[in-house]
Structures are given as structure tokens and as C-alpha cells.
Amino acid sequence: MATPGIEDTFDVANPLDVVEELVSSNQWPFDRTGDDELSVCVQGSWCDYNLGFSFAEGQGTLQVACAYDTRIPKHRLAEVHALLALVNERMFLGHFDVWSEDGTPMFRHALLVRGGPAPTPAQVGAMIDIALSECERYYPAFQYVLWGGKSAREAMDAAMLETQGEA
């Protein structure tokens, strides 16, 4: 899923300004709640994804969290945690976790921006692409565990099944 970019020509102090420019150029609905938070909704092939961007100036990080629009029932939480372990060992950038307050599964990744210029639109676009593609890739596994009653291993085996040949 490629995110159309904007020119890498502007320089800003707050990385969320770059995020805002990028999501505006894609005409995605977003809400900038302050200098340190921006949320945007992006349509995926499985569901709509809610991306939350946070800028922690003290840490010098820009974080993206991409949440699935589902809640984990308490009786499936242990199996979801087993699934998280299997998924996360395959991750190169970012990780999946469960927001403890409301049981929302999400992908999170942070970009260190301390000591350098604001991230480029291409870097922010890559953050969005990675978050969305990882959420799309593992969506079926989460659904198999949550609503299909499958074990974490069964869900991963089914979701990561590579088709070969042609029909």
C-alpha cells in the first residue's frame, strides 16, 4: 500500500506538521488535537484503521499507533498475547501490543527525530506504509483468534499461508 508523498522541500520544527501536510495531501480525515497529537482514519482492505501520531518533544520521538477497530474479549486475551509473541518475532520495525485500557490491538512504531531535522514527508509516508501494511498482513490472524476460536499457532499458520501456482 503506497502512500502518495508530497515534496521534501519544507522544514518544520514539529514533526506533526509534516504528518498534517501528508494526510491533508491525501485528503484523509484527521484531527489535530494539539501540538503533540494527531489522529487520522485511513481505509484499508480489511477495515478502517485509526492512526494516532504522538510527538514526545522531550524524548525527540514521533510515534505512530495503528489500531484495529475491535476489542479483545477477556476470555481470548491469553491467546491474543500468545499471538502477539508469534507476530512480534517476525517484525523488523515496530511491534504489536494491546492497549490495556480498552483491549484494542495495535501496531506501534517510533522514529527518533532528536538532534536532527524534522522527518521528511517520505519518512512519514514510510511510517504510515509500514503501519498499514503490517496491520493488513496480520488482520486475518487476529480475526482467527478473536472470532474464529483458533489458537495463536493455528491463526498464524492460516494467515501466513502462501499460495503457490495459479488457479
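Points worth noting:
- Considering residues of the stretch 59-74 that are surrounded by fewer than 19 Cβ atoms within 10 Å (Cβ to Cβ) and farther than 25 Å from Pro15 by Cβ only, the residue nearest to the chain's Cα centre (by Cα): Asp69
- If only residues of the stretch 121-130 that are surrounded by fewer than 21 Cβ atoms within 10 Å (Cβ to Cβ) and of a type outside the set (Gly, Ala, Ser) are counted, the one that is farthest from the chain's Cα centre (by Cα) is Gln123.
- Scanning the stretch 1-37 for residues that are surrounded by 12 or more Cβ atoms within 10 Å (Cβ to Cβ), farther than 20 Å from Pro117 by Cα and at pLDDT below 90 gives Met1, Thr3.
- Remark: pairs (first residue in the stretch 91-114, surrounded by 15 or more Cβ atoms within 10 Å (Cβ to Cβ); second residue among the acidic types (Asp, Glu) and not in a loop (DSSP other than H, G, I, E, B); Cβ separation under 6 Å; 6+ apart in sequence or on different chains) = Phe107/Glu134.
- Single unsatisfied condition, Ser133 versus (1) in a loop (DSSP other than H, G, I, E, B); (2) surrounded by fewer than 17 Cβ atoms within 10 Å (Cβ to Cβ): (1)
- Looking across the stretch 87-130, the residues that are aliphatic (A, V, I, L, M) and assigned to a loop (DSSP other than H, G, I, E, B) come down to Met91, Leu93, Val113, Ala118.
The values are calculated or read from the model by the stated rules, or taken from the named source; none is laboratory data. Values in this document were obtained by computation on a predicted structure and should not be read as measured data. With ideal geometry, Cβ positions are generated from the backbone for all residues, glycine too; neighbour counts draw on all protein chains shown.
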